[in-house]
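The values are calculated or read from the model by the stated rules, or taken from the named source; none is laboratory data. Everything numeric in this text was worked out from a predicted model, so none of it was measured. Here the Cβ positions follow ideal geometry from the backbone for every residue, glycine too, while neighbour counts run over all protein chains shown.
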Amino acid sequence: MNSLAGQYPVADLCAAFGVSRSGYYAWQTRPPSARQRSDVALGLELCRQHTASRQTYGSPRLRAALRRQGHRISRRRVCRLMRQHGLGVKPPRRFVPQTTDSRHDHPIAPNRLATAPVPSGPDQVWVSDLTYVRTAQGWLYVAAVLDRWSRRIVGLAMAEHMQTSLVTDALEQALRQRHPVAGCLHHSDRGCQYASQAYRDRLAQAGLVASMSRAGNCYDNAAMESFWAKLKNELVDRQTFASRAAARLAIFEYVEVFYNRQRLHSALGYQSPVDFELQLN
């Protein structure tokens, strides 16, 4: 009614809505209720959290972020406040995993991941894969190693090529950072980089047990594909990279600053991978 007061006589509006003029004027001068003041404070915090998430959080993660700060709030209220403040999330493009050309003569490891127990701690199961990112200078290839228990990226490498040295660099970074005990399962697709003699020798030297997806079945490596989908939807598809160097910097910052340390993961009880791992200490 208040928004119509400038367009119609107050007396007519009061009659239409069934309220007295004195009641309307009393409502106008009444101080905000506790609920309204709370909405203002929560709305400001929602805006801050939405900005901190790089405009990637929807209502479930925004609610989780507020609850982590001690706010008791329903998802319905979060949705209402998001609408009031114009907070939206860019709909993600449908991510289509790319199958790998496994037409090579290298040995293929069995899919040990399919029968392995669910990891109960870090460095029990690692999954690996590579993808590509378009830049104005050409493709940038990205290889990563992910800890299946905490979803943390423990190895990351980027290059202008997709040779075996690219995936080996990601593996070497993971080994330097984590020092896994012998028997850690290492799962990948059947690509020639992962099946090469050099890569298999490095796995054996480090005491890692090789596992590979079934032919043409990218969903055998679902955790890794899920990470690529997040990287593409939340970073790569939102901008154009003028150079490989610019893409490198943006991807490194996304992984090490946002994804590993800040982004709330629903499978981890809305904690970041680093916070999830810190529970052990």
*Out of A223, A215, A267, report the one residue that is under 14 Å from the mean Cα position of the chain (by Cα) and closer than 30 Å to P107 by Cα.*
A223
*Positions within the stretch 147-198 being of a type in the set (A, V, I, L, M, F, W, C) and in contact with a Pro (Cβ under 9 Å, 6 or more places away or on another chain), in sequence order*: W149, I153, V154, A174, L185, A195
*Under 7 Å between Cβ atoms, at least 6 apart or on separate chains: pull out the pairs that start in the stretch 57-68 with a residue that is free of Cβ contacts under 8 Å to residues at least 24 places away in the same chain and over 16 Å from Y259 (Cα atoms) and end on any residue that is of a type in the set (A, V, I, L, M, F, W, C) and in a helix (DSSP H, G or I).*
S59/V78; S59/C79; S59/M82; R63/V78
*Looking at H85, is it at pLDDT below 85 and touching a Leu at 6+ places or on another chain (Cβ under 8 Å)?*
yes
_Residues satisfying the stated conditions in the stretch 117-170, i.e. within 29 Å of A182 (Cβ to Cβ), of a type in the set (A, V, I, L, M, F, W, C), out of contact with any strand residue (DSSP E or B) (no Cβ under 6 Å at 6 or more places or on another chain) and at pLDDT 95 or above_ = W149
*Does F252 fit the bill of being surrounded by fewer than 18 Cβ atoms within 10 Å (Cβ to Cβ), among the aromatic types (F, W, Y) and farther than 15 Å from Y57 by Cα?*
yes
*When you scan the stretch 119-232 for strands (runs of 3 or more DSSP E) that lie fully inside it, which ones turn up with 1 or more residues that are closer than 30 Å to Y270 by Cα and without any contact (Cβ under 8 Å) to a residue 24 or more places away in the chain?*
153-159
*Could you say which residue among V118, V142, V125, V133 is out of contact with any Asp or Glu (no Cβ under 6 Å at 6 or more places or on another chain), closer than 16 Å to V209 by Cα and surrounded by 15 or more Cβ atoms within 10 Å (Cβ to Cβ)?*
V125
*asked:* For the stretch 171-181, check the following and say yes or no: at least one residue is of a type in the set (G, A, S) and either surrounded by 23 or more Cβ atoms within 10 Å (Cβ to Cβ) or under 20 Å from the mean Cα position of the chain (by Cα) (or both).
replied: yes
